[in-house]
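Values quoted throughout were computed directly from the atomic coordinates according to the rules given, and no laboratory measurement underlies them. Remember, it's a predicted structure, so these values are computed and weren't measured experimentally. Here Cβ is always computed from backbone atoms with ideal geometry, including for glycine, and neighbour counts include all displayed protein chains.
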Amino acid sequence: MYIPFENIPDESRIWIYQSNRKLADDEVVAIEKKCLDFIENWAAHSTSLEASFIIKYNRFIIFAVNQEVQAATGCSIDSSVRFIQDLEKEYGIELLDKMNVTFKVGEHIAHKSLIDFKKMAKEKAVTSSTIVFNNLVNTKAEFLEFWEVPASESWHNRFF
């Protein structure tokens, strides 16, 4: 059952999928429709999940599940991963590769491999004050508070 993202509780569990490229506006519209269809039918043990999603910066797909109503289970999480894999194939994007870093360069959002980001840190092309996207946050509250943060306040700080 779809719930608007702003109405889903702050304790809801989230999953963040970052694209290796910026999605075109028409791709975002199509992906939003597919996500809505998926969320409307997402279930755990035949019980509908109270869930939501948003797409941020034409690059991040964020799913949220209100675990207080019905917890996401292994099978339901697997079905969401299959859905994300289908999006990867259809749009020629990578959403599941966790060995990449996305960060802000002014108003631009950059996407680099972890190795390249480490090199950039060593060369001082990025600093501990560079705004990074911490995709390891687990709840909507953490997402709202700690997703876009200076690298010094994230797991990225180990590179500085």
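Let me know the charge dipole size of segment 1-93 about its Cα centre in debye, to the nearest 20, where only the beta-carbon of Lys, Arg (+1) and Asp, Glu (-1) is charged.
Details: 9 positive and 15 negative charges, 67 e Å.
The dipole magnitude comes to about 320 debye.
Could you tell me the center-to-center distance, by alpha carbons, between segment 2-19 and segment 51-86 in angstrom? The distance from the Cα centre of segment 2-19 to that of segment 51-86 comes to 8 Å.
The amide H of Glu50, built 1.01 Å from its N in the peptide plane, has Asn66, Gln70 as neighbours under 5 Å, considering only residues 5 or more places off or on other chains.
Please get the size of the charge dipole for the chain, origin at its Cα centre, with Cβ charges of +1 on Lys and Arg and -1 on Asp and Glu, quoted in debye to the nearest 20.
Details: 18 positive and 24 negative charges, 171 e Å.
Its charge dipole is roughly 820 debye.
Helix 74-91 and the longest principal axis of the Cα set of the chain meet at an angle near 60°.
Separation of segment 26-48 from segment 126-160 is 27 Å, based on Cα centroids. For the chain, with a Gaussian network of springs between Cα atoms less than 10 Å apart, report the residue from Ser52, Ser79, Ser12 with the top mean-square fluctuation. Answer for the Gaussian network model of the chain: Ser79. Express the relative contact order of segment 81-160 as a whole percentage, based on alpha carbon pairs under 8 Å and six or more residues apart in sequence. 23 percent.
Karplus-derived 3J(HN,Hα) values for segment 44-55, using 6.51 cos²θ - 1.76 cosθ + 1.60 with θ = phi - 60°, are 10, 6, 6, 10, 4, 8, 7, 9, 8, 7, 9, 10 Hz; glycine and proline are entered as x.
Within the chain, count lysine pairs with alpha carbon atoms under 14 angstrom apart where the residues are 8 or more positions apart or belong to different chains.
Numbers: Lys22/Lys56; Lys22/Lys104; Lys22/Lys112; Lys34/Lys89; Lys56/Lys104; Lys56/Lys140; Lys98/Lys112; Lys104/Lys112.
Taking the chain as the scope, the lysine pair count is 8.
At q = 0.15, 0.24 Å⁻¹ the log10 of I(q)/I(0) for segment 98-153 amounts to -0.41, -0.98, computed by Debye summation with a single uniform scatterer per C-alpha, solvent ignored.
Specify, per residue and in Å³, the volume enclosed by the convex hull of the alpha carbon atoms belonging to segment 2-46. List each step's numbers first, then the result.
Working: hull volume 5.0 nm³, N = 45.
About 111 Å³ per residue, rounded to a whole number.
Please compute the contact order of the chain in relative form: average sequence separation of alpha-carbon pairs under 8 Å and at least six residues apart, divided by the residue count, as a percent. Walk me through the intermediate numbers first.
On the way: 251 pairs, mean separation 39.1, N = 160.
24 percent.
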